[in-house]
Amino acid sequence: MSAAAATAPAGKRPFTQRMLDGVEKVGNKVPHPVMIFLILIGLIIVLSAVFAAIGVQVTYETAAPAPVVAQETYPGGTQQPSLEIPPEEFYHPEVKTHTETTAIKSLLTADGIRFIFTSAVTNFTNFGVVGVILVAMIGVGLAERAGLIGALIRKLVSTAPPWSLTFIIVLVGILSSIASDAGYLVLIPLGAVAFMSVGRHPLAGLAAAFGAVGGTFMVNVLITPVDGIITEITNEAVALADPARKISLTANMFFAIGSTIFLAFLITFITEKVIEPRLGKYTGAVSHEATDVPEAAPVEGDAAPAAQARGLRYAFWGLLAVLAVLLLLSVPPKPWGILRNQVTGSLVENSPLMDSLIFIIMLVFLVCGLCYGAGAGTLKGSAAAMDAITKTFAGLGGLIFMLLVIAQFIAYFNYTNMATVAAVKMADGLERANIGPLWLLIGFILVVLLLDIIIPGVIPKWAIFAPIFVPLFLRLGVAPQTVLAAYRVADSPMNVVTPLMVYLPFIVLLAQKYKKEAGVGTVISLMIPYMLIIAVAWTLFFVVWYLLGIPLGPGAPVELG
C-alpha cells in the first residue's frame, strides 16, 4: 500500500479501493508462486485420477492442420535425422475438421507416472517462453546496462507532452502484438521506468503497459502472425455448414483498428482515474534485493548529457544499419528476399521475417546498446559488454527456476485433458441455450472469458470453439467474421489476471523492484480493474458495432447477405 494510502483513514477510502487492497493483502499472504504451482500440480494429479476413474469424456468437432508427410534423412553423416517437408505443405498447412473423443487421463496410472518421470526435461526445453526470455534479454539487458533505455525514456519524457505519456505507452503496448510476446519483455519494464522518471508511481506504468500488452492481444492496426492461423481455422469451420463460403485475412480489420483506438483511450482512462489514485504518490526507491530482474539503469551510472546525446546518435545510426540489413533481406521479391515466404512471397503469412521477430528485437537492442555504450562511454570494450550480458543472465536465475516448475504444471494439465473437457462441456451448454443471436454472442464471449483462465492460448481454444459455434451462428444468419470478432473480444482481457499467464512471474519480479513486499496479490489487485472494465466496455463496443451493422472488414458485413 502506498504511503498516501496508509495515512488516509480507512473508512474514507472508496469501497472498490478497499476491496482491491483486500485482494492485495490476501494475495500476498499466499505462498511463493513456486509453492503455489507445486500445490496445483498435486491437485491436478489427484483430480485427474478421480475424473478418469468415473469415466469423464467428451466428443466434439475440432479443426487442426492435417499431418504432413515427411521423409527422414541424415545430412552430412550426422546421427540425428532431419525431416524433408514439401515446401507447399509446410507453408500452407491444410486445416481439416474431424471428430474427436477426449477422456480425462490419470497421472497416477503407469503411463501417467512414466510421463512424469520421462518428460521433465522436454517439458522445460519445449516451454517456448524460456527461449523467448533468454534470447530477448541478451539485447534488452545489454541496452539497459549500457544506459540506452534510461536515455530513451528521458528523451521521450522531455519531448512528449506530459498528458500523452500514458497514452503513448498504452498504444505502443497494443501494437506490440505484431512482435508476438516481445511487448511483455520490453514494454512493461519501460512503462514502469517512464512513469518513475516523471515522478509518477512506477507500478501504474507497469500496470498500464501490462493491460495494453496482455489485455488487448488479439487486436492491432496491422495483420499479426496469429491472424493467419485463426482465419484458416475459421474457414475450415465455415466449410462444415457452407463449403462455398470463406473469409479473408482482413475480415476483422475495421473492427481491429476501431478496437485498438477505443482500447488505447480506455486503458489510459483506467490508469489515470482508477489505478494511480489508489497507488498514491511514489516515495520509494528502486530495490534490487528482492528481485531477479536486471536493473533498469546502467551499472556505471548516468552518462553526462553531452555523452548521452552522442550515445543516442550512435544508437540511431546502429538502428539504421540494422533496418538497412532487414530491408535488404526482405524487400526484394523471392528468391532474393531471403526473409520472405519462399513459396508465396509474403512478408507476413508464414514468413521467416515473422518467425524471427524475437531475434530481430534482440538484434536491434544489442546493436543499439553497443553503439550507445561506445558513444556515451558506458561500455568500454568487449569485456564490459560481455559482463553486462552475464549479469543480465545471472539476474534471471530465480525466474528460470520458477518457469521450470510452471512448465511441469502446464504439461501435466495438458496431459490430463481437463482443460479440453471443461471447454467442450461449457460450449455444449451454450449451444443448447435457446436464445437469440445477439444474446448467444454475448454468452459466447462470457464462456471464452471464463475458459481463458485455464486455457490462455489463442489457438487451442479457437480450434475447439470454431467448429461448434461458427456453423451454429451461420444457421442463425450471423457471419463467421462476426463470431471471430466476438472471440477476439473474449480472448484477451483475462490474460492479465490468470495465474497461468506465463509472464506473470516475470511481472511480479518487476513489481518487487519498486515495492519490495510485492507479490502475486499486488499484481492481481492492480490488474483486476483493467480486466473488468476492458471486458465489459469492449463487449459493449462489440454489441454497438453489431447493432449498427458496421462492416468488420473489407467486404465483411456483420450479418449474412
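The values are calculated or read from the model by the stated rules, or taken from the named source; none is laboratory data. Only a predicted model underlies this, so the values are computations on that prediction, with no experimental measurement involved. Because the Cβ atoms are built from the backbone with ideal geometry, glycine has one as well, and the counts that use them run over all protein chains shown. Just the protein is used for accessible areas: all its heavy atoms, side chains included, with ligands, DNA and RNA removed. Shrake-Rupley method; radii C 1.70, N 1.55, O 1.52, S 1.80 Å.
Quick notes on this structure:
- Surface accessible to a 1.4 Å probe, THR59 within the full protein complex, Å²: 80 Å²
- Potential lengthening between ALA110 and SER248 on full extension [0.36 nm per residue; Cα-Cα distance subtracted]: 45.0 nm
- Filter on LYS155/LYS513; LYS425/LYS516; LYS246/LYS461 - keep pairs with C-alpha separation over 32 Å: LYS425/LYS516
- Heavy-atom accessible area, probed at 1.4 angstrom with all protein chains present, ranks LYS105, LYS380, LYS461 as LYS380, LYS105, LYS461, highest first.
- When the Cα gyration tensor is reduced to axis lengths a ≥ b ≥ c, the ratio a/c is 1.5 or higher for the range 163-285, and with a/b above b/c it is classed as prolate.
- Separation of the THR159 and LEU47 label points, Cα + 7 Å toward Cβ, nm: 5.0 nm
- Additional length obtainable on full extension of the chain from GLN57 to LYS334, 0.36 nm per residue less Cα span: 94.9 nm
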